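Notes follow once the structure below has been shown.
All of the numbers you see were taken from the coordinates with simple rules; none came from a lab. Values in this document were obtained by computation on a predicted structure and should not be read as measured data. All Cβ positions, glycine included, derive from the backbone under ideal geometry; neighbour counts span all protein chains shown.
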Amino acid sequence: MSLPPGQHAIGDFPRFGSHRGAPPPRIAQPAAIRIEGAVAQRLELPLARLAALPHRELVADFHCVAGWSAPGLRWSGVSFRAFYEGLIVPEARPDAAVSHLLFGGADGYYAVLTLEDALDADVLLADQLGGAPLDGDHGAPLRLLSPAQYGYKSAKHLCRIELLTRARADSHRNAAAALTLRLLGPHPRARVAREERHRHLPAWLLRGPYWALAIGLLRAARRR
Ligand SMILES: Nc1nc2c(c(=O)[nH]1)N[C@H]1C(S)=C(S)[C@@H](COP(=O)(O)O)O[C@H]1N2
Ligand SMILES: [Mo]
């Protein structure tokens, strides 16, 4: 595996994120995602319907901005581009002014992608990993997967997609988590190939501190 700049290969795929070891959120049944914002009609989409759409398999490395990379993960899911162009359009009808998409998780975390980044051919609404249904650790029942961006754009436990007509920062419903994210200042695009780690600071400055933080968090997670 040849790694992008500043990344370190680790042998496994840890559960990682703002939840810091908290159990996965409870998902109301039957599971659905809400599509809202700049659409003509709000839509509550049952996941059973999404599961019936054509799926695509994708093998990709996963890169966390803190510096760890998990190689060769095999995902399966619905192409977000196909979903956006074929499925939202007839029913919910996105506004022509849509410029960004907010992907919200049931834990309160949300990631905002530019429309361009979200429509990349490799972006999936993923419901399977390694040939099995997505587990709680990795975002059950459904997550976004955007392999060309740092992991923080790949929102887990997806329960809503909001269509936006302007940029918004990645954040969290929980005030403390939102403040932490604001202080961290994640880059709005997060493209791994360009090493877009931080909104303002150069990536080389952050590699050391982020990797130290990652090692601490990974060690704590393995002790549990
Ligand atoms: N809902 C939700 N999605 C999230 C996060 C989170 O805290 N909550 N953390 C992000 C971060 S920082 C990373 S690196 C990846 C980790 O995915 P994993 O737990 O499947 O390894 O999830 C991303 N998506
Ligand atoms: Mo991350």
Mean projected area in nm² (Cα convex hull; one quarter of hull surface) for region 154-211: 5.3
Mind jotting down a quarter of the surface of the convex hull over the alpha carbons of region 42-153, in square nanometres, one decimal? 7.1
From the backbone phi of region 46-51, what are the Karplus-calculated ³J(HN,Hα) couplings (6.51 cos²θ - 1.76 cosθ + 1.60, θ = phi - 60°) in whole Hz, Gly and Pro given as x? x, 5, 4, 6, 5, 4
Full extension from ARG194 to ARG49: what is 0.36 nm times the residue separation minus their Cα-Cα distance, to one decimal in nm? 48.6 nm
In Å, the C-alpha Rg and Dmax of region 1-108 are 17.0, 46
The chain, dipole about Cα centre (Lys/Arg Cβ +1, Asp/Glu Cβ -1), debye to the nearest 20: 740
With θ taken as phi - 60° and the coefficients 6.51, -1.76 and 1.60, list the Karplus ³J(HN,Hα) couplings across region 108-124 in order, rounded to whole Hz; mark glycine and proline as x. x, 6, 9, 10, 10, 10, 5, 4, 4, 5, 5, 8, 4, 4, 8, 7, 10
Which value in Å does the Kirkwood hydrodynamic radius of the chain take, with 1/r averaged over all unlike C-alpha pairs and then inverted? 17.7
On Cα atoms only, tilt of 175-184 relative to the major axis of the chain in degrees: 60
Give the dimensionless ratio obtained when the Cα radius of gyration of region 120-224 is divided by 2.2 N^0.38 Å. 1.17
List, in order, the whole-Hz ³J(HN,Hα) value for each residue of region 24-32 obtained from phi through the Karplus relation with A = 6.51, B = -1.76, C = 1.60 and θ = phi - 60°; use x for Gly and Pro. x, x, 6, 10, 5, 10, x, 5, 8
Angle in degrees between helix 203-223 and the longest Cα principal axis of the chain, rounded to the nearest 10: 90
